[in-house]
Amino acid sequence: NAKVGVLISGTGTNMAALLYAAKAADCPYELVLVASNNPEAPGLALAAAEGIATWAQSHKGMSRAAFDALVDERLRAAGADYVALAGYMRILSDDFVAGWTDRMLNIHPSLLPLYKGLDTHQRAIDAGDRFGGCSVHVVTPALDDGPVLAQTPVAIVPGDTAETLAERVRFAEHQLYPAALAAFVTRERAPDWLLGRVRALAMALPEAD
Ligand code: GAR
């Protein structure tokens, strides 16, 4: 099994989705560490209760490089082969990213390349888009910019607010991330049902009217 370290800053529902998917007997990855820059992140208690090693330390009062070096050290000590960012709300230093080239994924709540950065749902609504969605991509030094592995479009419905859309996109994220991570860590060795699913999800952006 591929060993995955997950970085979170908040609720950690995507981490939970990765964790529960990993309980399937034929899941090709396992979580070896859930780490956070926020010692209050609710996801930490859940991971600990599920028997996953956790580590948290506030980044406050430290340089980005020094904090990232600590995280890197903990990931390697835990034996991680891969890193999955799951609502990790910190910009990563170039050195950290370089240490996990082609071994680090992120989930972002938009149909990349649209709406990198923050406030993705409000920006999609304000633009009059018919779809929001989520993307899993390989992490490169530029923010939210690496190769997209899989996406799920989520229809925007009349009356949607950033909050209602975010909640629905979250459901899509929970389906997409475990499948994309499993396919990524196994490459061609992924079970057919997973590869088929990721291929089906990695569709082009929906066409506008
Ligand atoms: C998710 O929607 C994720 O896509 C987003 O934060 C949320 C975390 O939720 N990530 C980003 O915005 C990264 N810039 P979770 O803590 O419940 O998984």
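The values are calculated or read from the model by the stated rules, or taken from the named source; none is laboratory data. All figures in this text were calculated on a predicted structure; none of them were measured in a lab. For neighbour counting, all protein chains shown are included, and Cβ atoms are generated from backbone atoms with ideal geometry for every residue, glycine included. To get the accessible areas, we keep the full protein, side chains included, count just its heavy atoms, and leave off ligands, DNA and RNA. Shrake-Rupley method; radii C 1.70, N 1.55, O 1.52, S 1.80 Å.
Hey, which of the strands (runs of 3 or more DSSP E) in segment 1-57, taking only ones fully inside, have at least 1 residues that are under 21 Å from Phe171 (Cα atoms) and open to solvent by 10 Å² or more (accessible area, probe 1.4 Å)?
Values: elements: 2-8, 29-36, 54-56.
Result: 29-36.
Restricting attention to segment 59-74, the residues that are in contact with a helix residue (DSSP H, G or I) (Cβ under 7 Å, 6 or more places away or on another chain), open to solvent by 10 Å² or more (accessible area, probe 1.4 Å) and in a helix (DSSP H, G or I) add up to 2.
For segment 98-127, what are the residues that are within 19 Å of Pro153 (Cβ to Cβ), free of Cβ contacts under 8 Å to residues at least 40 places away in the same chain and within 13 Å of the ligand (Cβ to nearest atom)? If the condition is that a residue be within 19 Å of Pro153 (Cβ to Cβ), free of Cβ contacts under 8 Å to residues at least 40 places away in the same chain and within 13 Å of the ligand (Cβ to nearest atom), then His108, Ser110, Leu112, Tyr115, Lys116, Thr120, Arg123 are the ones that fit.
Being closer than 30 Å to Gly159 by Cα, within 16 Å of the ligand (Cβ to nearest atom) and among the hydrophobic types (A, V, I, L, M, F, W, C) is a condition met by at least one residue of segment 78-97. Counting the residues of segment 75-90 that are in a helix (DSSP H, G or I) and crowded, with 19+ Cβ neighbours inside 10 Å gives 1.
For segment 29-63, the set of residues classified as in contact (Cβ under 8 Å) with a residue 12 or more places away in the chain and more than 19 Å from Leu75 (Cα to Cα) consists of Pro42 only. For segment 121-150, residues that are under 15 Å from the mean Cα position of the chain (by Cα) and open to solvent by less than 40 Å² (accessible area, probe 1.4 Å) total 10.
With respect to being more than 24 Å from Leu165 (Cα to Cα), surrounded by fewer than 23 Cβ atoms within 10 Å (Cβ to Cβ) and at pLDDT below 95, Asp95 falls outside the description. Residues that are acidic (Asp, Glu) and closer than 23 Å to Ala66 by Cβ within segment 81-138 comprise Asp94, Asp95, listed in sequence order.
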